[in-house]
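Notes for the one structure printed next.
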């Protein structure tokens, strides 16, 4: 058997395993935290309180106006200079979560604004408070609108986790780097890593479609 083909076969499972144990958990945890941050920031952005709205605007501007790699370096390499030493994995989670929060906040804000104002009035009519109306009526409908762009954000995050390799987090791309360095077959190993990323994204895209169908019942027609 050709040595390169054997390398592909031997390296496939380690790379996949790096995705299962590193890339996917890192993306899931960061996205979950990021969505919570995004919801808070979106509500602050919609607030009539100028201070809260201003803080949200600045946060979104900073996150969207600076590269993710820079944010990662600031947290892992920058904070230790002022005495805040954070291990590689938590540093990656913090950086990715904050980044997701900045981008997803605008998605959630737009989704909330897309819900007809009559839905708010309907909630008040049946005796719901603003918080209850938001939680039980507005957010479920906004979720349907937000799912496609948020799904794209998550898929982008899965690919962006490869940046965690620069701070020595062991994930899919880090495993591929180690295999490529050991074998000196950079082209085929990195192409194989790209194939695994692509397969993961295909699965996520399929899940996105199913989730959209389930959320259709919350849309007001």
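The values are calculated or read from the model by the stated rules, or taken from the named source; none is laboratory data. Note that this is a predicted model, so its numbers are computed, not measured. Note that each Cβ is placed from the backbone with ideal geometry, even for glycine, and that neighbours are counted across all protein chains shown.
What number of residues within region 201-221 are closer than 16 Å to residue 142 by Cα, assigned to a helix (DSSP H, G or I) and either modelled with pLDDT of 95 or more or touching a helix residue (DSSP H, G or I) at 6+ places or on another chain (Cβ under 8 Å) (or both)? Can you show your working first?
Here is the first cut: in region 201-221, the residues closer than 16 Å to residue 142 by Cα are 208, 211-221.
Subset that is assigned to a helix (DSSP H, G or I): 208, 211-218.
Next cut, either modelled with pLDDT of 95 or more or touching a helix residue (DSSP H, G or I) at 6+ places or on another chain (Cβ under 8 Å) (or both) only: 208, 211-212, 215-216, 218.
Summing the residues that are closer than 16 Å to residue 142 by Cα, assigned to a helix (DSSP H, G or I) and either modelled with pLDDT of 95 or more or touching a helix residue (DSSP H, G or I) at 6+ places or on another chain (Cβ under 8 Å) (or both) in region 201-221 gives 6.
Starting from region 71-99, keep only residues that are outside any loop (DSSP other than H, G, I, E, B), then list their pairs with residues that are modelled with pLDDT under 95 and loosely packed, with under 15 Cβ neighbours inside 10 Å whose Cβ atoms are within a distance under 8 Å, requiring at least 6 positions of separation or different chains.
79/85; 88/168
Identify all residues within region 3-60 that are in contact with a helix residue (DSSP H, G or I) (Cβ under 9 Å, 6 or more places away or on another chain) and in a loop (DSSP other than H, G, I, E, B); write none if there are none.
Selection gives 47 alone.
Exactly one condition in (1) in contact with a helix residue (DSSP H, G or I) (Cβ under 6 Å, 6 or more places away or on another chain); (2) closer than 30 Å to residue 87 by Cβ is not met by residue 146; state its number.
Result: residue 146 fails condition (2) only.
Does region 169-200 hold any residues that are outside any helix (DSSP H, G or I) and touching a residue at least 60 places away in the same chain (Cβ under 8 Å), and which are they? So that I can check it myself, show each step before the final result.
Step one: filter region 169-200 for residues outside any helix (DSSP H, G or I), giving 169-171, 184-185.
Selection gives 169, 170, 171, 185.
In a helix (DSSP H, G or I) and farther than 30 Å from residue 11 by Cα: which single residue out of 133, 153 fits that description? Before the answer, list the steps.
Working: 153 fails: farther than 30 Å from residue 11 by Cα.
Within the list 133, 153, the selection yields 133.
Can you name every residue in region 35-51 that is within 25 Å of residue 93 (Cα to Cα) and surrounded by fewer than 19 Cβ atoms within 10 Å (Cβ to Cβ)? Reasoning before the result, please.
Initial filter on region 35-51 (within 25 Å of residue 93 (Cα to Cα)): 35-45.
Within region 35-51, 36, 39, 40, 43 meet the criteria.
Among the numbered criteria (1) farther than 26 Å from residue 197 by Cα; (2) surrounded by 16 or more Cβ atoms within 10 Å (Cβ to Cβ); (3) in contact (Cβ under 8 Å) with a residue 12 or more places away in the chain, which single criterion is violated by residue 128?
(3)
Of all residues in region 25-34 being more than 14 Å from residue 104 (Cβ to Cβ) and within 9 Å of the chain's Cα centre (by Cα), which is surrounded by the most Cβ atoms within 10 Å (Cβ to Cβ)? Let's see the steps before the verdict.
Let us first name the residues in region 25-34 that are more than 14 Å from residue 104 (Cβ to Cβ), namely 25-26, 28-29.
Within this subset, residues satisfying the condition of being within 9 Å of the chain's Cα centre (by Cα) are 28-29.
Numbers: 28: 13, 29: 15.
Per the stated criteria, the residue is 29.
Name the single residue, out of those in region 106-118 being under 23 Å from residue 56 (Cβ atoms) and touching a residue at least 40 places away in the same chain (Cβ under 8 Å), that is farthest from the chain's Cα centre (by Cα). Outline the logic, then answer.
Initially, region 106-118 is screened for residues under 23 Å from residue 56 (Cβ atoms), giving 106-115, 117.
Next cut, touching a residue at least 40 places away in the same chain (Cβ under 8 Å) only: 106-109, 112-113, 115.
On the way: 106: 14, 107: 12, 108: 13, 109: 17, 112: 19, 113: 22, 115: 24 Å.
Ranking the qualifying residues of region 106-118, first place goes to 115.
Taking the conditions exactly as written (within 30 Å of residue 74 (Cα to Cα), surrounded by 14 or more Cβ atoms within 10 Å (Cβ to Cβ) and more than 21 Å from the chain's Cα centre (by Cα)), does residue 190 satisfy them or not? Spell out the reasoning first.
Numbers: within 30 Å of residue 74 (Cα to Cα): yes; surrounded by 14 or more Cβ atoms within 10 Å (Cβ to Cβ): yes; more than 21 Å from the chain's Cα centre (by Cα): yes.
Spelling it out, residue 190 is indeed within 30 Å of residue 74 (Cα to Cα), surrounded by 14 or more Cβ atoms within 10 Å (Cβ to Cβ) and more than 21 Å from the chain's Cα centre (by Cα).
Among the residues of region 74-85, is any in contact with a helix residue (DSSP H, G or I) (Cβ under 9 Å, 6 or more places away or on another chain), surrounded by 19 or more Cβ atoms within 10 Å (Cβ to Cβ) and closer than 29 Å to residue 180 by Cα?
Within region 74-85, one or more residues are in contact with a helix residue (DSSP H, G or I) (Cβ under 9 Å, 6 or more places away or on another chain), surrounded by 19 or more Cβ atoms within 10 Å (Cβ to Cβ) and closer than 29 Å to residue 180 by Cα.
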